Amino acid sequence: MALSPDPVRGTAISMSADRNSALSGNGLAVASMLAWAAGFPAAEVLLQSWSPVGLLAARLGLAVLVLLPIWLMLDGPSRILRARWGWAMIVGAFGFGCPMFLLILAQKLTDPVTVVIIASCAPLIATLLELKAGTRRLSWNFGLGVLVSIIGGLIATSAVAPAQLGLGALCAVVSVVFFSWGSMTTARDFPELSQTGRATITLIGGFAMAVILCFAAGLLGMEVIPEVAIDGQQIGMLGIYALISLGLSQILFVASVGKLGVALASFHMNIAPFYVMLIMIVLGDEWNSTRALGAGIVAVAVVLAQDRRPRSAQIG
């Protein structure tokens, strides 16, 4: 039997509809990564005075506070009450709450560059998850796309050497694994909800986990609240980190996963260093040709992985 590069589907889909889905899915992924990238400079500012667990709770809490009334307007109270809350709390806690904490901790222990380097393995991890779940069948062009995407991500982040590895790198790896699982499960297991609803209900589970982590940190005598008074700059950075880099990015990414699959949507994470560079240029930094080259290579990988050749040309 021929092996397809596309997610396994139960019914035949026209080529035109398939192309439109891929185009819109990639557009959503690009927008999601642009929003996500905005959070790295904001986190650098906030981590100077916030603890990782306190920042996690504030980020998730603010995002949920804003998204919840929007979800209520879109889906209505009856659909919200009938949602799979128990499973959503588990997915949110372990698919988003814990990974977000580990990612913040990784950035605290290392630097943004190291974190994004580790994130370049997301396509490989996401592909393995889809293969295990039986939602993707492998082809040569998709496998090549995964490899090229990882190479592009490494090139994009090689302009600056990571400060250190060790525990920070381990936190980032575990974060990517659980986040990939959480994204795939969110897009798959809550079809009755809107994209905003899927993102919000699982972020509520993530917030519940953040509250538990804050409580545990307090019992252990660790700092939870910021070390300095919260000023206008911190409020602005928290708004970017919670509402744009988390809330908006999560909605867009879940929508992209629904159209492309988590593996292909994750390819776009490797272009994040280029987006971070663009943001830093706006803030006064300089152009970096190496990161631009890496972003271009990842773009080629996305095209390779979505190559739609005749069935007879595929492996089988």
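The values are calculated or read from the model by the stated rules, or taken from the named source; none is laboratory data. Quantities reported herein were computed from a predicted structural model and do not represent experimental measurements. Cβ coordinates were reconstructed from backbone atoms using ideal geometry, including for glycine residues, and neighbour counts include every protein chain displayed.
Looking at region 33-85, which of the residues that are of a type in the set (D, E, K, R) and assigned to a helix (DSSP H, G or I) is nearest to L278 (Cα to Cα)? Spell out the reasoning first.
Looking only at region 33-85, we keep the residues that are of a type in the set (D, E, K, R), and these are 44, 59, 75, 79, 82, 84.
Checking which are assigned to a helix (DSSP H, G or I) leaves us with 44, 59, 75, 79, 82.
Numbers: E44: 16, R59: 23, D75: 36, R79: 40, R82: 43 Å.
Looking at the filtered set, the residue picked out is E44.
Kindly indicate the residue of region 67-92 that is closer than 15 Å to A199 by Cβ and of a type in the set (G, A, S) and also nearest to the chain's Cα centre (by Cα) among those meeting that condition.
Per the stated criteria, the residue is G92.
Just to be sure before I move on: is G205 under 20 Å from G61 (Cα atoms) and modelled with pLDDT under 90 in the structure I sent? So that I can check it myself, show each step before the final result.
Details: under 20 Å from G61 (Cα atoms): yes; modelled with pLDDT under 90: no.
No.
For region 242-316, give me every one of the helices (runs of 4 or more DSSP H) that falls completely inside it and has 2 or more residues that are modelled with pLDDT under 80.
On the way: elements: 249-260, 262-267, 272-282, 289-305.
Answer list for region 242-316: 272-282, 289-305.
Taking region 182-216, which residues are out of contact with any helix residue (DSSP H, G or I) (no Cβ under 6 Å at 6 or more places or on another chain) and farther than 25 Å from M73 by Cβ?
V211, I212, F215, A216 - these are the residues of region 182-216 that are out of contact with any helix residue (DSSP H, G or I) (no Cβ under 6 Å at 6 or more places or on another chain) and farther than 25 Å from M73 by Cβ.
Given the options L46, L56, L72, L62, name the one that is without any contact (Cβ under 8 Å) to a residue 24 or more places away in the chain and not hydroxyl-bearing (S, T, Y).
Details: L46 fails: without any contact (Cβ under 8 Å) to a residue 24 or more places away in the chain; L56 fails: without any contact (Cβ under 8 Å) to a residue 24 or more places away in the chain; L62 fails: without any contact (Cβ under 8 Å) to a residue 24 or more places away in the chain.
Checking each option against the conditions leaves just L72.
Of the residues A199, A208, A187, A216, which is without any contact (Cβ under 8 Å) to a residue 60 or more places away in the chain and either over 19 Å from L246 (Cα atoms) or in a helix (DSSP H, G or I) (or both)?
Unique residue meeting the criteria: A216.
Inside region 128-159, can you point out the residues that are β-branched (V, I, T) and modelled with pLDDT of 80 or more?
Filtering region 128-159 down to residues β-branched (V, I, T) leaves 135, 146, 148, 150-151, 155, 157.
Matches in region 128-159: V148, I151.
Report yes if I225 is outside any helix (DSSP H, G or I), among the aliphatic types (A, V, I, L, M) and in contact with a Ser or Thr (Cβ under 9 Å, 6 or more places away or on another chain), otherwise no.
Values: outside any helix (DSSP H, G or I): yes; among the aliphatic types (A, V, I, L, M): yes; in contact with a Ser or Thr (Cβ under 9 Å, 6 or more places away or on another chain): yes.
Yes: the conditions hold for I225.
Out of A292, A229, A242, A255, report the one residue that is closer than 21 Å to S180 by Cβ and either hydrophobic (A, V, I, L, M, F, W, C) or touching a His at 6+ places or on another chain (Cβ under 8 Å) (or both).
Numbers: A292 fails: closer than 21 Å to S180 by Cβ; A229 fails: closer than 21 Å to S180 by Cβ; A242 fails: closer than 21 Å to S180 by Cβ.
Among A292, A229, A242, A255, only A255 is closer than 21 Å to S180 by Cβ and either hydrophobic (A, V, I, L, M, F, W, C) or touching a His at 6+ places or on another chain (Cβ under 8 Å) (or both).
Specify which of the listed residues (P191, P162) is surrounded by fewer than 22 Cβ atoms within 10 Å (Cβ to Cβ) and modelled with pLDDT of 90 or more. Full working, then the answer.
Working: P162 fails: modelled with pLDDT of 90 or more.
Answer to the selection: P191.
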